[in-house]
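The values are calculated or read from the model by the stated rules, or taken from the named source; none is laboratory data. The structure displayed is predicted, hence computed values, not measured ones. Cβ sites come from the backbone with ideal geometry, for glycine too, and all protein chains shown count toward neighbours.
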RNA sequence: GGAGCCGUGGUGUAGCUGGUUAACACGUCGGCCUGUCACGCCGAAGAUCGCGGGUUCGAGUCCCGUCGGUUCCGCCA
């Protein structure tokens, strides 16, 4: 066979192709050698098809070559597509109604026996899969996940292009800034002792692009953060980064809402309901105990402080007196939990910082609870009424400071929702969380720090509180949440010079310090900055959710381990003495 | 920085209260086989039990340390 270039993908062949002659290229997925007849499942990125080697159609010489085929050999075959005989259709294969009767074989590359079977790679130890990532990439799981990643970015690009956004690249070698995450750092050879930082996000550059008149910008941007990893956090990750000029909060949110709905339509074929529901930060905390609620299930938090503030149960009375809150959730049907199960929940709540977990099992005509004897009848009634608790339900109550109670009940809610199977795995619940606090008090630093970043604008109606009660100022910020995962967040930026100064003052920066850190940036605002705002989405997380994977490692072609190593290329690695010398770097012992 | 889980032929696992020959399946190699599709049948090779130390007459098994992977908390927008 002179010409071995493919005419068809393996996985495309259907009954309608029967009779045609094709050339296929691919890997030997599996070989079944019956002696005078050999079957091979041939694999390329589109899928599998069975090819048949028969000495009568192939000739003895080529058949002998076929006998030598092994797993992962790269071959080209020419042959006729034939419908499979009656009773030999394989319903587990998309191409199962046909097979290719090979008339000519070319071995394009032999292969060592792979360290793990490609079609069962998911069962293999992850460190081995990462070392041989290029083999794992051949698996259907990764092929599909990365194809979906491509379709998502393609949908994003086509949508933003249609709306007049320009994709602009920003530098990777930038200046380290003290706020935010730890920077990855790159030494400069030309400037010994000086270092670049890799960007945590293109934040400042996209704002400068607005000042530069680009009006609508986006970038599928790589970002770097030198912090400890998680299943949904890699040291380098990708953001869909967007910024718009001459807009208010509504305009940005509406545009981004349309973009995400477009992605769902294009990639998943799902028309999600518009508009995306909105929740204030405060309401999210009150009802779900978190700033990124999973709204696929109920189990909402209810406040009981007013009903229980005069309780004989000392914990309640003291909590209320100390400006704390008493809140609870109703676990439907939870009264049947064993004592052991309840104790486990209680231990978990305490591990999260709660002083204790109070429970009430609602039974016919009474409640069973360790604190039953302290509760007056009207108090029990108030609890069951507020939580709509019925016979068979279990009420869980936490008392303490507002933040702690929200946090503990929010986590309990998620734990129970997961364990009781309350989440619809096929649902996609999008949500905007708005009206974030502008500033949060950092105990460690002894000052307020920016909840989002120092260039986020306050709500107009809260601006006057910036000096008197900074903790109460809300921001023109918004986060998009999908099934309890933060997909992205952004804000309208400060473009007023005087307001920016007040913001820095609230953060405890003198104008001198601010100028030293962000001088070029502040100066830019003196040359006519349009009102602007934007957002950044975590692309890896979005793909992870749409592809239904447990980790963003499964949607990144070459991911790093939890200790930020690449097991395939063995990075990071020491550099040579000569390189160090050139950089004028001495290593400390 | 802290806590949990995992590490046994190439792969996935078993290995009891410590006991002398480390078991099974898949894969690999050789042989047979013309309708298999996780092909089948027969045979064979293949393991310093992650690494180091300790306890013990004796350690895959118990203890300590360490390395790697992973999950979570801290950290991270």
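Descriptive notes on the structure:
- Subset tally (residues that are in a loop (DSSP other than H, G, I, E, B) and under 21 Å from residue A:546 (Cα atoms)) for the stretch A:230-281: 12
- Checked against (1) away from RNA strand B (no atom under 16 Å from the Cβ); (2) more than 23 Å from the chain's Cα centre (by Cα); (3) touching a residue at least 60 places away in the same chain (Cβ under 8 Å), residue A:146 passes all but a single condition, namely (2).
- Cβ pairs under 7 Å, 6+ apart, first in the stretch A:168-180 and closer than 25 Å to residue A:213 by Cβ and in a loop (DSSP other than H, G, I, E, B), second away from RNA strand B (no atom under 13 Å from the Cβ) and at pLDDT below 95: A:177/A:517
- For the stretch A:559-589, a tally of residues being more than 27 Å from residue A:541 (Cβ to Cβ) and touching a residue at least 12 places away in the same chain (Cβ under 8 Å) returns 4.
- Unmet requirement for residue A:120, which otherwise passes all of (1) modelled with pLDDT of 95 or more; (2) loosely packed, with under 15 Cβ neighbours inside 10 Å; (3) within 13 Å of RNA strand B (Cβ to nearest atom): (1)
- Identity of the residue in the stretch A:497-522, surrounded by fewer than 14 Cβ atoms within 10 Å (Cβ to Cβ) and not in a helix (DSSP H, G or I), that ends up nearest to RNA strand B (Cβ to nearest atom): A:508
- Of the residues making up the stretch A:446-496, just one is more than 25 Å from the chain's Cα centre (by Cα), in a strand (DSSP E or B) and crowded, with 22+ Cβ neighbours inside 10 Å, namely A:458.
- Candidates A:137, A:42, filtered to the one that is touching a helix residue (DSSP H, G or I) at 6+ places or on another chain (Cβ under 8 Å), crowded, with 19+ Cβ neighbours inside 10 Å and at negative phi: A:42
- Residue in the stretch A:61-74 that is more than 10 Å from RNA strand B (Cβ to nearest atom) and in a strand (DSSP E or B) present: yes
- The stretch A:188-229: number of residues that are within 12 Å of RNA strand B (Cβ to nearest atom), closer than 18 Å to residue A:518 by Cβ and in a loop (DSSP other than H, G, I, E, B): 4
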